[in-house]
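A short worksheet on the structure shown next.
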Amino acid sequence: MPDISCKLLVIGGGPGGYVCAIRAGQRGVDTVLVERAQLGGSCLNIGCIPSKALIHAGEEFHRARGFASGSGLPGISAGAPSLNFAETQAWKDGIVRRLTGGVASLLKSAGVKVIEGTARFQDGKTVQVSTTTGEQLVRAEAVVIATGSKTVALPGLPFGGNVISSTEALALNQVPERLAVVGAGYIGLEIGTAYAKLGAHVTVVEAEDRILPQYDAALTRPVAARLKDLGVTVHLGAKARRSAGDALVVESADGDETRLPADKVLVAVGRRPRTDGWGLEELALEMDGHAVRIDEQCRTAMRGVYAIGDVTGEPMLAHRAMAQGEMVAELVAGERRAWDKQCVPAICFTDPEIVTAGLSPDAARAQGIEAKSGTFPFRANGRAMTTGRDDGFVRVVARADNEAVIGLQAVGEGVSELASEFALALEMGATLEDIAATVHPHPSRGEAVQEAAFKTLGRGLHL
Ligand code: FAD
Ligand code: NAD
C-alpha cells in the first residue's frame, strides 16, 4: 500500500477522536482517523449510550410492575408486564447502530479519511496501521492519541465465565437471576440498578464505607435509600476476593469471609487509560501515573503529539474528551486555544440522578475558599411533586466575598437535565444574584436552582 501523508492523524474514533477529526476536517485540515474496532468508541458502543438505554428500559419495566402490584401512581393499575429482553437488547443495539452510522457520515461529510486498523507509532510523526488487507504507513505533521481507557480487573476475579465487565453486562441476552456487583461507583450502580429494575436480585459490594465515594455523602444519601427500596443489598467496607462456582467470596472489614450466591459477577472497580498497543515505548512521552501527561493545550511532552480523552486520565467522561478534541482540532487549524473551562460537569445516572459542577462546600473549604451554600429540597418543588418523586435537592455554593457561584450540585429524578444550566452558570461567571434574577419557568425542577440561590442570599421564597 502506498504511504499516506496528512496534516493530522487521529488515533481512536471515540468521542475524543471522532470530534477532533470532524472539526479538523470542517476547518480544511487534511485529516486521517484510525479506528481498530467501531467508530464511536466506548461511549457509543459499550458505555454511555447502551447503559442509558438499559437504565431507561429498567425504569419502564419497573414502573409497569408498579402499576401491576398497585404500588404505582394512585388510581392507575395494569396487568403484570412481561419482558422480552432479547427485543429490548435489539432496540438498544439499533440506537447504537444509528449513532455510530451517524458518526461515519459526519466524518465523511467533513472529508476525513477513515482507516479501519490498529495504529502503532514508529516515531512521533510516523504511524504504522495494521489493516485486514495489510500494513499502511501514515506520516502526519500532528498526531492525536485518543485511544481511550479499558476495564480494570481484580487479581482474584479475572474476567471470564460468570465474571463479567460492563461490556458483557450491557450485552447479556437474559436478565440474571442473581447479580453480584463489585464496586458501588458509576458503572456498578448504574448497571446494577437497571438490572434490579429488570427483576434481578442485586447485591453490591463496595470497599469504601459508602456508595459513590467520589461524591459527598449528602448527595449519595437519596441513592442509598432508593437502592434499599428496590431491594438491592449493599455490603460496605467489603472487598471482593474471588469467585467460587456460583458464588462471590467477599471479605468484610473485620476479615470475615462471606459467600454471596451469584449467577453473574459484574466487576466495576474503575477504568485505566489505554496506553498499550499503540507504541508508547517508541515515544518520549511523560506520564501522570497510568495516564499520558498533557498541558493546557493537550500537548504531550513530544512536539506535534497531542493526547485527549480517557488516555489522559480523570475525569474519564465523554463530554470532556469531546471538548478536548474540538480544542485540539482548532489548534491544529492554527487557532489560539487553551483549556480554560471553569468546570467539567458530571452526571451519575443512578436513581435518583446526581449532578455535580464546580466545587462542593467541602472542596471549596479544602482549597481555602471561604464559601457559603444553600440547598433547596425537591419536596418543596411543585414539579417534583407532580412526578411522584420529590426526593433530593439542589445546592448552590458561592464565594462569601463576592457571591460568585463556584459550584452547583443536585440529586433527584431527572436532574441530569439541570447539568447544562449548572455548567453555563459557572462558565459565564454567574453570581447568586444572576441566578436569583433569572426567570425560571414554572413548574419545573429548575426552579429549585433559583430557590437555592435565593436561600443562599438569605431570602428564600418557597421555604
Ligand atoms: P474511547 O471512547 O474509549 O475511544 C477510544 C477508541 O480508540 C476506541 O474506539 C478504540 O477501539 C480505539 N483505539 C484504541 N487503541 C487503538 C489503536 N492502537 N489503533 C486504533 N484505534 C485504537 N461518560 C460520560 O460522560 N457519560 C456517561 O454516561 C458514561 N457512561 C459510561 C458507561 C460505561 C459502561 C462506560 C464503560 C463508560 C462510560 N462513560 C461515560 C465514559 C466514556 O465512555 C468515556 O469517557 C469516553 O468514551 C472516552 O472517550 P475517548 O475518545 O477518550 O475514548
Ligand atoms: P468508579 O471509580 O466510579 O467506581 C469504582 C468503585 O469500586 C469505587 O467505589 C471503589 O471504591 C470500588 N472498589 C475498588 N476496588 C474494590 C474491591 N476490591 N472490592 C469492592 N469495591 C472496590 O469506577 P467505574 O464504576 O468502574 O467507572 C469507571 C469510569 O467510567 C468512571 O470513573 C467514569 O469516568 C466512567 N463512567 C462514567 C459514567 C457517567 O458519566 N455517568 C458512567 C459510567 C462510567
Check your understanding: Tell me, how many Å apart are the Cα centres for segment 224-301 and for segment 60-116?
Key -> 27 Å
Review point. In debye, nearest 20: dipole of the chain around its Cα centre with unit charges on the Cβ of K, R (+) and D, E (-)?
Key: 580 debye
Point to revise | Accessible carbon and sulfur surface of segment 163-269 relative to its total accessible area, %, 1.4 Å | key: 46 percent
Point to revise | Leading residue at positive end of dipole, the chain (Cβ point charges), from Trp339, Thr31, Ile191 | key: Thr31
Practice item. Tell me the GluC sites (Glu not before Pro) within segment 258-290 that lie in a loop according to DSSP and have at most 12 other beta-carbon atoms within 10 Å. Key: Glu286
Point to revise | Estimated dipole of segment 163-269 in Debye, rounded to 20 [Cβ of Lys and Arg +1, of Asp and Glu -1, Cα centre] | key: 200 debye
Check your understanding: When the helix-only estimate is applied to the chain (DSSP H runs of n ≥ 4, each -39,500 (n - 2.57), divided by the residue count), what is the mean residue ellipticity at 222 nm, nearest 500 deg cm²/dmol?
Key -> -9500 deg cm²/dmol
Revision key, fill the gap. Subtracting the Cα-Cα distance of His462 and Lys228 from 0.36 nm times their residue separation yields 81.2 nm
Exercise for review: For the chain, build the charge dipole from Cβ charges (+1 Lys, Arg; -1 Asp, Glu) around the Cα centre, then report which of Val292, Val355, Thr258 sits farthest towards its positive end.
Suggested key: Val355
Check your understanding: Where Lys and Arg each count +1 and Asp and Glu each count -1, what net charge lies around Thr438 among other residues with Cβ under 11 Å from its Cβ?
Key -> -4
Exercise for review: Could you calculate the FRET efficiency of Gln214 with Asp246 from 1/(1 + (r/R0)^6), where r is the beta carbon distance between them and R0 is 30 Å, rounded to 0.05?
Suggested key: 0.45
Practice item. Could you go through segment 385-395 in sequence order and give the Karplus-derived ³J(HN,Hα) for each residue, using 6.51 cos²θ - 1.76 cosθ + 1.60 with θ = phi - 60°, rounded to whole Hz, and x for Gly and Pro? Key: 4, 6, 9, x, 10, 10, 7, x, 6, 10, 10
Practice item. Report, ordered by chain and residue number, the lysines lying within cross-link reach of Lys372, taken as a straight Cα distance under 18 Å and ignoring same-chain residues fewer than 8 apart. Key: Lys455
**Study point:** Amide proton proximity set for His235, modelled H, under 5 Å, gap of 5+
**Key:** Val204, Val205, Glu206
**Study point:** From phi via Karplus (6.51, -1.76, 1.60), per-residue ³J(HN,Hα) for segment 102-115 in Hz, x at Gly/Pro
**Key:** x, 4, 4, 5, 5, 5, 5, 4, 7, x, 7, 8, 9, 10
Review point. To the nearest 0.05, what FRET efficiency results for Ala253 and Arg27 with a Förster distance of 60 Å applied to their C-beta separation?
Key: 0.65
Practice item. Report the FRET efficiency, 1/(1 + (r/R0)^6), for Glu141 and Met287, where r is their Cβ-Cβ distance and R0 is 30 Å, rounded to 0.05. Key: 0.80
**Study point:** Cβ-defined net charge surrounding Pro50, 12 Å radius [Lys, Arg +1; Asp, Glu -1]
**Key:** 0
**Study point:** With DNA, RNA and ligands ignored, accessible area of Thr147 (1.4 Å probe; Å², nearest 10)
**Key:** 30 Å²
**Study point:** For segment 303-308, 3J(HN,Hα) per residue [Karplus equation, 6.51 cos²θ - 1.76 cosθ + 1.60, θ = phi - 60°, Hz, x = Gly/Pro]
**Key:** 4, x, 10, 10, 9, 9
Study note, to complete from the structure: Any residue on another chain or 5+ positions along whose placed amide H is under 5 Å from the amide H of Gly270 is listed here as Val152
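With every protein chain kept in place and ligands, DNA and RNA left out, what is the accessible area per residue of the chain? Probe 1.4 Å, answer in Å². All intermediate terms of the calculation are to be shown ahead of the outcome.
On the way: 21050 Å² over 463 residues.
Counting only protein heavy atoms, the per-residue value for the chain is 45 Å².
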Practice item. Starting from the Cα-Cα distance between Ser71 and Phe85, subtract it from 0.36 nm times their residue separation and give me the gain in nm to one decimal. Key: 2.7 nm
Practice item. Would you give the gap between the C-alpha center of segment 202-221 and the C-alpha center of segment 160-195, rounded to a whole Å? Key: 17 Å
Revision key, fill the gap. Spelling it out for Ala262: with amide H atoms placed in the peptide plane at 1.01 Å from N, the residues 5 or more places away or on another chain with amide H under 5 Å from its amide H are Ala247, Leu248
Revision key, fill the gap. In the chain, taking the dipole from +1 charges on Lys and Arg beta carbons and -1 charges on Asp and Glu beta carbons about the Cα centre, the listed residue (Gly270, Thr233, Cys43) farthest towards the positive end is Cys43
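The values are calculated or read from the model by the stated rules, or taken from the named source; none is laboratory data. Owing to the predicted nature of the structure, the values given are computational and were not obtained by experimental measurement. Positions of Cβ are backbone-derived with ideal geometry, glycine not excepted, and every protein chain shown enters the neighbour counts. Keep in mind that these areas ignore ligands, DNA and RNA; they rest on the heavy atoms of the full protein, side chains included. Shrake-Rupley method; radii C 1.70, N 1.55, O 1.52, S 1.80 Å.
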